[in-house]
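K.L.:
Here it is: the structure, laid out below.
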Amino acid sequence: MSKRQLTVKVPGKLMIAGEFAVLEPYQKLAVMAVNRYVYATIADSENYKLSLENYGLHDIAWTYQTGTVNIQSDDERFSFVKDAIHLTCTYLEEQNTTITPFHLSTRSELDDASGVKYGLGSSAAIVTSVVSAILRFVAPRYATKEIIFRLAALSHVCTQGNGSGADIAASTYGGFRQYSSFQADWLLNTYQNALTISEVVDMEWKYYQSENIRVPDF
């Protein structure tokens, strides 16, 4: 049987207006995707492996079992990826989807060569790329924009503890968007009180609104 492999790319973001206003309920922000990307490549493998190309971390072993991800590394730079894998794989298991070993590798254009960030939403784009890659590779029927956004937003908030999710929206949908945040405190509290990840993904997200803005031709 031939080895399957898939690569996805997701854009970084640039906040246009309302970056602080959006942290308040029902307030709107304008955000756009930029033409710098994060790439996630996922392939069949005999064992679970992770690579963060920008940091020189290659073929790091990890395991997944019954909703638990264990990475054979104490490097904190795996934290966003770890939570994204955990939430996505657990969500898929809740849909009765079997998870088999894969090698996941990420590469980012949103930092410079020394690791200094450009402020283009690198952690959000990494999380979105991981969620998108796993869904598209393991169970493409669940790889809708809305499910990708919700799993990535939940994962990013769980890791970081805050954030509006506007960067996730830009990385997921691309283009130019008007956005109102789900409010991080509300999402964390909802997740902590939910019985399943699917319950959180499927429910109405209080405060949240996102729609494309069409830029007029001049």
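K.L.:
Determine the relative contact order of region 62-218: mean sequence separation of Cα pairs under 8 Å and six or more apart, normalised by residue count, in whole percent.
P.N.:
Worked out over region 62-218, it gives 21 percent.
K.L.:
For every other residue with a beta carbon closer than 11 angstrom to the beta carbon of G67, add +1 if it is Lys or Arg and -1 if Asp or Glu, then tell me the sum. Present the calculation step by step, with values, prior to reporting the outcome.
P.N.:
On the way: positive: none; negative: E93, E94.
Residues near G67 contribute -2 overall.
K.L.:
Which ³J(HN,Hα) values, rounded to whole Hz and listed in residue order, are derived for region 168-183 from phi using the Karplus coefficients 6.51, -1.76 and 1.60 in 6.51 cos²θ - 1.76 cosθ + 1.60 with θ = phi - 60°, glycine and proline given as x?
P.N.:
So the J values, rounded to whole Hz, are 5, 4, 5, 5, 7, 9, x, x, 10, 10, 9, 9, 10, 6, 6, 6.
K.L.:
Report, in degrees rounded to the nearest 10, the 0 to 90 angle that the Cα long axis of helix 79-94 makes with the longest principal axis of the chain.
P.N.:
Helix 79-94 sits roughly 80 degrees off the main axis of the chain.
K.L.:
Grab the other residues whose beta carbon is less than 13 angstrom from that of S198, score K and R as +1, D and E as -1, and report the net.
P.N.:
Summing Lys and Arg as +1 and Asp and Glu as -1 gives -3.
K.L.:
Still on this structure: What is the sum of charges around F149, taking Lys and Arg as +1, Asp and Glu as -1, for the other residues whose C-beta is under 15 Å from the C-beta of F149?
P.N.:
Net charge in that neighbourhood comes out at 0.
K.L.:
Moving on to the next point. Of the lysine pairs in region 1-148, how many meet both conditions: Cα atoms under 20 Å apart, and a spacing of 8 or more in sequence or different chains?
P.N.:
9
K.L.:
Another question about this same structure. With every protein chain present, what is the per residue accessible area of the chain (1.4 Å probe, Å²)? Provide the component values of the computation, followed by the final result.
P.N.:
Working: 10810 Å² over 218 residues.
Heavy-atom accessible area per residue stands at 50 Å².
K.L.:
While we're on this one: So how strong a dipole does the chain carry about its Cα centre when Lys and Arg Cβ are +1 and Asp and Glu Cβ are -1, to the nearest 20 debye?
P.N.:
Using Cβ point charges on Lys, Arg, Asp and Glu, the chain gives about 540 debye.
K.L.:
To continue, here is another question. Using the 2.2 N^0.38 Å rule of thumb for compact globular proteins, work out how region 58-180 stacks up: its C-alpha Rg over that value, please.
P.N.:
The reported ratio for this selection is 1.04.
K.L.:
On C-alpha positions alone, give me the angle between the axis of helix 184-193 and the longest principal axis of the chain, in degrees, nearest 10.
P.N.:
Compared with the principal axis, the helix lies near 50 degrees.
K.L.:
Ignoring solvent entirely, what values of log10 I(q)/I(0) come out of the Debye formula for region 18-128 at 0.11, 0.18, 0.20 Å⁻¹ when each Cα is a single scatterer?
P.N.:
Rounded to two decimals, the profile gives -0.44, -0.97, -1.09.
K.L.:
In whole Å, what are the Cα extents of the chain along the three principal axes, biggest one first?
P.N.:
Answer, in whole Å and largest first: 51, 42, 33 Å.
K.L.:
Roughly speaking, to the nearest percent, how much of region 1-148's 1.4 Å accessible area is carbon and sulfur?
P.N.:
49 percent
K.L.:
Expressed as a rounded percentage, what relative contact order does region 12-73 have, with Cα pairs under 8 Å and six or more residues apart? Show your work: numbers first, answer last.
P.N.:
On the way: 65 pairs, mean separation 12.8, N = 62.
Here the relative contact order equals 21 percent.
K.L.:
Can you tell which of A30, Y64, T100 lies farthest toward the positive end of the dipole of region 21-105, using +1 and -1 charges on the Cβ of basic and acidic side chains (Lys, Arg; Asp, Glu)?
P.N.:
Farthest towards the positive end: A30.
K.L.:
Ranked highest first by the average count of other Cβ atoms within 10 Å around their residues, in what order do 128-135, 13-20 fall?
P.N.:
Listed from highest to lowest mean packing, they are 128-135, 13-20.
K.L.:
Using Cα-only point scatterers and the Debye equation, what is log10 of I(q)/I(0) for region 113-212 at each q in 0.13, 0.15, 0.16, 0.24 Å⁻¹, rounded to two decimals?
P.N.:
-0.44, -0.59, -0.67, -1.41
The values are calculated or read from the model by the stated rules, or taken from the named source; none is laboratory data. Computed from a prediction, not measured in an experiment: that's the story for all the values here. Positions of Cβ are generated from backbone atoms using ideal geometry, with glycine treated the same way; all protein chains shown enter the neighbour counts. SASA here: full protein model, heavy atoms, side chains in, ligands and nucleic acids out. Shrake-Rupley method; radii C 1.70, N 1.55, O 1.52, S 1.80 Å.
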